[in-house]
1. How large, in percent, is the carbon and sulfur part of the accessible surface of segment B:284-343 at a probe radius of 1.4 Å?
2. If you put +1 on each Lys and Arg Cβ and -1 on each Asp and Glu Cβ, how big is the dipole of the protein assembly as shown around its Cα centre, in Debye rounded to 20?
3. Subtract the Cα-Cα distance of B:ASP334 and B:THR296 from 0.36 nm times their separation in residues, and report this length gain in nm to one decimal.
4. When only DSSP loop residues count, what trypsin sites (Lys or Arg not before Pro) in segment A:1-99 have their Cβ near at most 16 other Cβ atoms within 10 Å?
5. Counting only protein heavy atoms and a 1.4 Å probe, tell me what percentage of segment B:123-226's accessible area is made up of carbon and sulfur.
6. If you place +1 on the Cβ of every Lys and Arg, -1 on the Cβ of every Asp and Glu, and leave all else neutral, what size is the dipole of segment A:39-79 about its Cα centre, to the nearest 20 Debye?
7. Would you work out which of B:PRO155, B:GLY80, B:LEU113 lies farthest towards the positive end of the dipole of segment B:55-203, given +1 charges on the beta-carbon of Lys and Arg and -1 on that of Asp and Glu, about the Cα centre?
8. List the accessible area buried at the contact between A and B, summed over both sides and calculated with a 1.4 Å probe, in Å² to the nearest 100.
Number of protein chains: 2
Amino acid sequence: MIIDCHGHYTTAPKALEAWRNQQIAGIQDPVMMPKVADLKISDDELIESIQSNQLRLMTERGLDLTLFSPRASFMAHHIGDFQVSSTWAAICNELCYRVSQLFPDNFVPVAMLPQSPGVDPATCIPELEKCVTQYGNVGLNLNPDPSGGHWTSPPLTDRAWYPIYEKMVEFDIPAMIHVSTSCNACFHTTGAHYINADTTAVMQLIQGDLFKDFPSLRFVIPHGGGAAPYHWGRYRGLAQELKKPVLADHLLNNIYFDTCVYHQPGIDLLNRVIPVKNVLFGSEMIGAVRGIDPETGNYFDDTKRYIESCPALNADDRYQIYEGNARRVYPRLDATLKARAAK
Amino acid sequence: MIIDCHGHYTTAPKALEAWRNQQIAGIQDPVMMPKVADLKISDDELIESIQSNQLRLMTERGLDLTLFSPRASFMAHHIGDFQVSSTWAAICNELCYRVSQLFPDNFVPVAMLPQSPGVDPATCIPELEKCVTQYGNVGLNLNPDPSGGHWTSPPLTDRAWYPIYEKMVEFDIPAMIHVSTSCNACFHTTGAHYINADTTAVMQLIQGDLFKDFPSLRFVIPHGGGAAPYHWGRYRGLAQELKKPVLADHLLNNIYFDTCVYHQPGIDLLNRVIPVKNVLFGSEMIGAVRGIDPETGNYFDDTKRYIESCPALNADDRYQIYEGNARRVYPRLDATLKARAAK
């Protein structure tokens, strides 16, 4: 089967965005603040939003299952305080859960956290626990910069993040390191902030020794690892200057790169540089780049085509990238799939 | 000949750093502030610092000429005010000028600017004029983030930067877009901030229409363009979503990527994706990554080896990357070389 480790609910019914806008208005004027119960989205609306979008394209492209989390750019952790983020995260996570119940063969949920700038990450744990134990989430998205492009949180190797990591280890779930909307005019959200965050995370992990403290902790670095694979020589060299172990030992037992790289040369580079065991199929469809590449006639984000055409990969490699690695990195996904198969 | 478009004076005599530390102390306590005349570095010291370092390695590697600018991480525009930056830039630029006079066949100077966060970029013009008209500088380094990792300046497409661009057009000189030290704990200077800045600059240029206003303006994006070539499909797709022209027209008449990518797969990707006319040889030697790659036995930053081994390039391509493109992008370099050859 083909598992897409990186999908967001970017096509939720418009009522969701309207409710969020109301909530944002309510930050300034409490009279405007909507109740959670004010948001009404029917199952039919959810079904329609998925069938005509993600599921249609998954079927066209031959993808079986998507790890499905709330829309990344809508997390917008910089808006409001913890209570605002907490209410918003609960709503978004519930919608992904409902999608996973409506389409159990095709969508498995991944949680967003109610992060808020300057707030202890440990405050996110109750939402995470609910998502894993009640909603069947198999992973989470962790935002290394809840400020939205001002980078006011400590690096991912800082002990401030450890409560999240302890819970991840306890649940045996990985985190995708994924920022949200940039509110810094220098950084285009999907063209600069997303990619920079990936690169930044890799370098933070090189500088630190996080996986000594958490040997079983696992991170997925999205968008093909930002700039890291392209500059792998630089990173190997910097690790050497910093007297760290070689990256194969220092990072590659714990970090994984998705295949959200939207052209053949990029995917070929990724698979030339990064071992197969560290590559997870992903497309982030429907996401930042929705158009058709005039050079190929195919969707930019139809990343399966690039994997199929990548000369460095054989059939077993492709199995690992499409399915095997995801089952290993997301053990709760594997358990879910095995339980279903046994029925 | 082989022209390295990206070299910094990272090996200046220790007296320079001592003077700078004194200057930084003087920001808090004016009694400590040193005079420019307090810095004494002899020609012999300059010669020694170059002969035993850059020139030795250039000879070993077969490089003829380096475009030589003050140490990027020492620019540290975030320190002090405009006056502090102005004095510091003048000192650093004069040292590179002296090196170029001592080794005229091997080093041609490129200017740093006395940028300071929140200060009008136009204040940098007198230093730039001096460097070009008196010191023979053929280009400049422009820091898109003088705050050092807080990104408080407007994007490069903002009109605030236009006075610099007008002067660049008048002098027909290109700018390398190069940040300095990060004082944001999230960003390792050479592993995250440098690469992120490159990526950020490319995306800013995609979002804007700067080259409509300045059709002859030229930028060199260092470090192989950050993440941009690896994610070229993403950037082509985002330009399409933004209703911009194709990148070949929107960017590639005005921006160039150096070859500071420290492994063979990265250089191969760069030259597979980016047209030869847009690639300039560079190594940033002696820079961030000074070690020997245990996988090859050669220096990570010996980028000529990767160009030599790149299967996509033929002899004429290599001539363009080593020399032809640099002469075109830096017309004052070409004029300098032609004037010398005519003697």
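The values are calculated or read from the model by the stated rules, or taken from the named source; none is laboratory data. For clarity, every value in this text was computed on a predicted model and none was experimentally measured. With ideal geometry, Cβ positions are generated from the backbone for all residues, glycine too; neighbour counts draw on all protein chains shown. Ligands, DNA and RNA are stripped out before the accessible areas are found, and what is left, the full protein with its side chains, is counted by its heavy atoms. Shrake-Rupley method; radii C 1.70, N 1.55, O 1.52, S 1.80 Å.
1. Looking at segment B:284-343 in its full context, I get 51 percent from C and S.
2. I would put it at about 460 debye.
3. Full extension of this stretch gives 10.2 nm more.
4. Here the trypsin sites (Lys or Arg not before Pro) that fit, given the DSSP loop and packing criteria, are A:LYS35, A:LYS40.
5. Accessible surface attributable to carbon and sulfur in segment B:123-226 totals 51 percent.
6. 200 debye
7. B:GLY80
8. So the total buried area for this chain pair works out to about 4700 Å².
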